[in-house]
There are 2 protein chains.
Amino acid sequence: MIKSVKKYLSVSGKSMKRSAIREILKLLQKPGMISFAGGLPSPETFPVSDLKEIVAEVLEKHGPESLQYSTTEGDPALRKALTERHRSHGLDISLDNLIITTGSQQALDLLAKILLDPGDYVICGLPSYLGGLNAFSVYGAKLKGIPLDDQGMIPGELEETVSHLRQLGKKIKFIYIIPDFQNPAGITVPESRRLKIIEIAEKYDLLVIEDSPYREIRFEGEPQRMMCELDTTGRVISLCTFSKILSPGFRVGWVIGNAEIIDRLVMAKQTADLCTSAFVQKIIARYIEKGLLDLNLRKTIALYGERRNYMIECLRNYMPADVTWTEPQGGLFLFVTLPAGIDSDQVLKKSIEKNVAFVSGSSFFCNDSGRNTMRLNFSFSPPPDIREGIMRLASVISEEIKGS
Amino acid sequence: MIKSVKKYLSVSGKSMKRSAIREILKLLQKPGMISFAGGLPSPETFPVSDLKEIVAEVLEKHGPESLQYSTTEGDPALRKALTERHRSHGLDISLDNLIITTGSQQALDLLAKILLDPGDYVICGLPSYLGGLNAFSVYGAKLKGIPLDDQGMIPGELEETVSHLRQLGKKIKFIYIIPDFQNPAGITVPESRRLKIIEIAEKYDLLVIEDSPYREIRFEGEPQRMMCELDTTGRVISLCTFSKILSPGFRVGWVIGNAEIIDRLVMAKQTADLCTSAFVQKIIARYIEKGLLDLNLRKTIALYGERRNYMIECLRNYMPADVTWTEPQGGLFLFVTLPAGIDSDQVLKKSIEKNVAFVSGSSFFCNDSGRNTMRLNFSFSPPPDIREGIMRLASVISEEIKGS
């Protein structure tokens, strides 16, 4: 028998770690577990009966096509429906500016593949989506984090960092940013700040990856234009997905960008998975064409808005003083800060014993800070579980504070 | 505007090319085109009405689960069904030895990611599946081709090449082999030769990637055991897919390998696309559980067997003398050799004008040889198109031979 596969692995293969989030998701299967860990949509938002009709229709009318290979760019009907939808929202794009991906995670992977050489720098938020950071690290990228205020990346810190890295001769490829209801921090970047960040990207000639899975799930406040809409130089590449607005079980996302980048992504996707499932693409295209996406979205927004409110109410009622949290205007997550010195990894261990899970905030900080923070998902659990889960968490945290 | 994205691209991003096959697939849309180019299954083999029932059942009984994220390893029911099916065929594996991928192409990409550093060598057949070669090249691998006889890779040539590369201090990671009804050559490696190749892999401590998408589509002759079944040291990693035996529109494949490799693939898949569609996995699991896969497979085998026979009959009737072809015992392709000096790229250009397409054999040779060869797919086109297409091809080839 070969003793260990380690000797055959690539540098990247050797350095891989299991994602903390994906591993915690497995805990969901433990009976009685209340999980605020995953970024799971609520099953109540899945339009099961509409989909039953649509799938029957797709198989009836497009059976052979839906079961055949699709083109790498994506199903023509779905690309058309998405392009038109964006145009109706004021974004001036054509079919050449859009590719379908196997979820947004694939878009992150393909962008990393076409853009990043080992040692290249990526600028990200402190904190920032773990799955994005891991996708970049796999290609040997160095991550440099920028502190956030309540409007997102702080421009002064961003420019200083970029300028400093440049002086050191480092190659910076792009800024990775989640401007709407940021995962994990729940922060939204206002338009003025978006413009400022684009201005810095222009000055230092960087690309910008705008990761926008939650944008359409806004409970309150005014929508801010997408960074790709504000961009005038073709340097913003935007990632969207059906995972939070329809179903993550379909694994369908899309990328908007300048035609040259989209073309490279097509080449990269050819070797990555040839194409995304024609079957699910045709289902989604029909779903949009029938006007059901926006209807279902309204219900989803209402549901998640209630759950956010309820989670905040429970936090207010049960959490010890000195514990603070963000109050996001949309999305799926809020971010909790414990008193300094309290380690959320310790809290997590004890919480799991009490059947409640979350993700430690430190997972999202590329500089290993944020040890007293935690990400809570409010979309998945029904209100009684939210209440019970927050009570359990509050009791663990109270004990930790007393013991510290 | 940014002038060109080239300056932002990685080494890999710069070196990418569009796949000849995927590009030719686009030609299918031209009216009147007869295509022997793609590796497309016949739409007649898609069990549309069975799937209608099953999808309704899945949405009825497992609606929320099928629309939610799956685990990265794959849907438990599908992994169980596949493991049991392999065990019933004599392959001693457990759940730890199997991961679901987004088609076999993703398996190739993930294996390349975890195994290959730039400059590492991969040993492949001359010719060999283009999508595999491209997946490896993207990670900077060097490809070294081994000539095939009518039993596949020639062991003497294989050992000599490996030994020579070793002496030069080159790092060889694995042998890439398609032992059943090879794409493109249509050759099947007999068990004795499989054992010989495994023996060489052991001697030089290499891994073996057994890519096996066509294995179950055998028209005649005795099945040869999978290389992973013959392997006693855990070095063979095998790739299987539903693309040719059920539907490529689902994008579902699986990998069999030692538990440590599977574990690394899980980590790599986490950053690549999180998981494969739960929806399509649950559909396929139910399809297998109901015993429909084997029933449908029998029909597929009968249909493709007839088409192979008919294509060979047409080749015999219409091709000029000095044109030869393989007569595969299964699979989707046969491989045509034109007289030396006839360039199949030239033939392809003229063929496309006459509305018939194929893939030039040279695409499959990593050493740029095989310029007088062509791959013909016999699964997709119905008999009248096979006849008409071969007649058109024969006339183009005859003219080329006359003109040479």
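The values are calculated or read from the model by the stated rules, or taken from the named source; none is laboratory data. This one's a predicted model, so the numbers in the text were calculated from it and none came from an experiment. Because the Cβ atoms are built from the backbone with ideal geometry, glycine has one as well, and the counts that use them run over all protein chains shown.
Among the residues of the stretch A:39-58, those identified as buried (at least 22 other Cβ atoms within 10 Å of the Cβ) and facing chain B (nearest Cβ under 7 Å) are A:PHE46, A:LEU51, A:VAL55. For A:ARG375, the stated conditions do not hold, so it cannot be described as at pLDDT 95 or above and in a loop (DSSP other than H, G, I, E, B).
If the condition is being among the basic types (Lys, Arg) and crowded, with 19+ Cβ neighbours inside 10 Å, then the stretch A:207-227 contributes A:ARG215, A:ARG218. Just so you know, in the stretch A:6-16 the residues that are within 14 Å of B:ALA112 (Cα to Cα) and in a helix (DSSP H, G or I) include one that is farthest from the other protein chains (Cβ to nearest Cβ), and it is A:LYS14.
Selection of the stretch A:299-315 for residues being more than 23 Å from A:ALA394 (Cβ to Cβ) and free of Cβ contacts under 8 Å to residues at least 40 places away in the same chain yields only A:ALA302.
Taken over the stretch A:188-206, the criterion of being buried (at least 24 other Cβ atoms within 10 Å of the Cβ), in contact (Cβ under 8 Å) with a residue 40 or more places away in the chain and outside any loop (DSSP other than H, G, I, E, B) is satisfied by A:ILE197 alone. Residues of the stretch A:232-249 that are more than 10 Å from chain B (Cβ to nearest Cβ) and in a loop (DSSP other than H, G, I, E, B): A:PHE242, A:LYS244, A:ILE245. State whether the residues of the stretch A:343-362 include one that is closer than 17 Å to A:ASN183 by Cα and in a helix (DSSP H, G or I). Yes, the stretch A:343-362 has at least one match.
Among the candidates A:VAL252, A:VAL266, the residue that is at the interface with another protein chain (Cβ under 9 Å from one of its Cβ atoms), of a type in the set (A, V, I, L, M, F, W, C) and surrounded by fewer than 22 Cβ atoms within 10 Å (Cβ to Cβ) is uniquely A:VAL266.
For the stretch B:60-77, the candidate set comprises residues that are more than 7 Å from chain A (Cβ to nearest Cβ) and either in contact with a Ser or Thr (Cβ under 6 Å, 6 or more places away or on another chain) or of a type in the set (Asp, Glu) (or both); within that set, the residue that is nearest to A:SER19 (Cα to Cα) is B:GLU73. For the stretch B:17-68, a tally of residues being hydrophobic (A, V, I, L, M, F, W, C), over 29 Å from A:MET267 (Cβ atoms) and assigned to a loop (DSSP other than H, G, I, E, B) returns 1.
Quick one: is A:ASP120 facing chain B (nearest Cβ under 9 Å) and either more than 26 Å from A:ARG371 (Cα to Cα) or among the basic types (Lys, Arg) (or both)? Here the answer is yes, as A:ASP120 does meet what is asked. Taking the numbered list (1) surrounded by fewer than 23 Cβ atoms within 10 Å (Cβ to Cβ); (2) under 27 Å from B:HIS89 (Cβ atoms); (3) in contact (Cβ under 8 Å) with a residue 24 or more places away in the chain in turn, B:VAL280 passes all entries but (1). As for the stretch B:236-255, it holds at least one residue that is within 23 Å of the chain's Cα centre (by Cα) and more than 27 Å from B:ASN377 (Cα to Cα). When B:ARG251, B:ARG218 are checked against the criterion of being of a type outside the set (Asp, Glu), touching a helix residue (DSSP H, G or I) at 6+ places or on another chain (Cβ under 8 Å) and closer than 29 Å to B:ALA201 by Cβ, B:ARG218 stands alone in meeting it.
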